[in-house]
1. Per DSSP H run of n ≥ 4, the term is -39500 (n - 2.57); total these for the chain, divide by its residue number, and report the mean residue ellipticity at 222 nm rounded to 500 deg cm²/dmol.
2. Rounded to whole Å, give me the distance from the Cα center of region 195-273 to that of region 288-342.
3. Which value in Å does the Kirkwood hydrodynamic radius of region 68-173 take, with 1/r averaged over all unlike C-alpha pairs and then inverted?
4. Using the Cα centre of region 106-173 as origin and beta-carbon charges of +1 (Lys, Arg) and -1 (Asp, Glu), tell me which of TYR138, GLY167, GLY112 is placed farthest towards the positive end of the dipole.
5. With +1 assigned to the C-beta of every Lys and Arg and -1 to the C-beta of every Asp and Glu, and no other charges, what is the dipole magnitude of the chain about the Cα centre in debye, to the nearest 20?
6. Between GLU64 and SER195, what FRET efficiency follows from the Cβ-Cβ distance if R0 is 30 Å, with the result rounded to 0.05?
7. Roughly how many Å is it from the Cα centre of region 109-179 to that of region 50-90, as a whole number?
8. Specify which residue in the list VAL232, ALA316, LEU33 is farthest towards the positive end of the charge dipole of the chain, using unit charges on the beta carbon of Lys, Arg (+1) and Asp, Glu (-1), about the Cα centre.
Amino acid sequence: MKNINKLTAFALLMPTVVFATENNFSGDYQLHLDTVHDGQLVNETTVDLTVKGSRAHFVASESELILSGEASVNALNIKFQTSDLLSGELRYFAGGLSDSGVYQGSWHSNTGASGDWRFNHNPAASFETCKQVLDAGYSVGDGVYKLLNESGEQQSFYCDMTTDGGGWTLVGSYPKTQPGGIARISDYGTIPETSPNDPSSLFLYQQDLSKFRDAREQVACAGANCVSGKTVYADNLSTYDLNLIRSAWGYLDRVEHMPKVADIPSCRTDYNDTTTLVSSCVLPTYLTWANNSHQVGWQVDPHGPTHCWVARGTYASGAIGSGLCASKVEPNGTRFALLWMR
């Protein structure tokens, strides 16, 4: 069967969406398949299909492909076949409903080829944030989801659906290869970073923040789940405060929007403990100071050790990556920082 890839990498990266176990099978679906029968999908091909019919019999017809199949009465088992109109290859699919709510199984063809597959509903993206996806019941765990941007176009964003209550959209990344000295938030890239475990993009969300209410900033991250790093949180924030937090990622924007340290929104250092509130998200001795351009980021040493922030600003601007949260130790290209909103 010829590869039919109507979607871009968005479709290949997006976690699957739960398949409704109901009689009506009509709608837009994705068939993911590979050519190695080993129980897992590797180097998969994604086929977009518009399916019509019911559990008893459903069909789909594209320019070079015909699909026909049926599901069991309780919709737990499924079988279907595809016919490639160019090559004449017939592929036979059989499987069942997985614990994650999507159909999956194995296939074989009249040519002797075989592999694994997954079949899932692909509703048109109508969500702007990861929290909206989570609240609507479409979350299938951490990963890349398609969200709508302000132009009404679909764009890939990384969603943390499991940590600190879930529903976090990755809105900023400062890679460990990036020198300091970022003056404006407009100097950041606008293509979302989709790898929070080792980001390679200097990225900051430039769209309206009124869709968010909570913020989480992670600095000095060394790997998955911001290992060895430091995290601060705030919730029920106004759009004004969210904009201040974002503006802190550019040293000129930081001092222009928050001329005094006391202007910085407060944070807490433990998600579940409200007693860890830190005024202005800084070491208490800084509270009476005027703000400066020495570093960028929302938090400035709220955990105690100095040099705990996103990255350098005008001071030691050649220092690479995020701060190490170690007193008087400059960034050395081993740490990165992330900004999340929900």
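1. That comes out to -2000 deg cm²/dmol.
2. Their Cα centres are 12 Å away from one another.
3. 16.3
4. Of TYR138, GLY167, GLY112, it is GLY112.
5. 520
6. Efficiency at R0 = 30 Å is approximately 0.35.
7. That distance is 26 Å.
8. Towards the positive end, the residue furthest out is ALA316.
A short reminder: the numbers here are calculations on the coordinates, not readings from a lab. Worth saying up front: this structure is predicted, and the values here are computed from it rather than measured. Cβ coordinates were reconstructed from backbone atoms using ideal geometry, including for glycine residues, and neighbour counts include every protein chain displayed.
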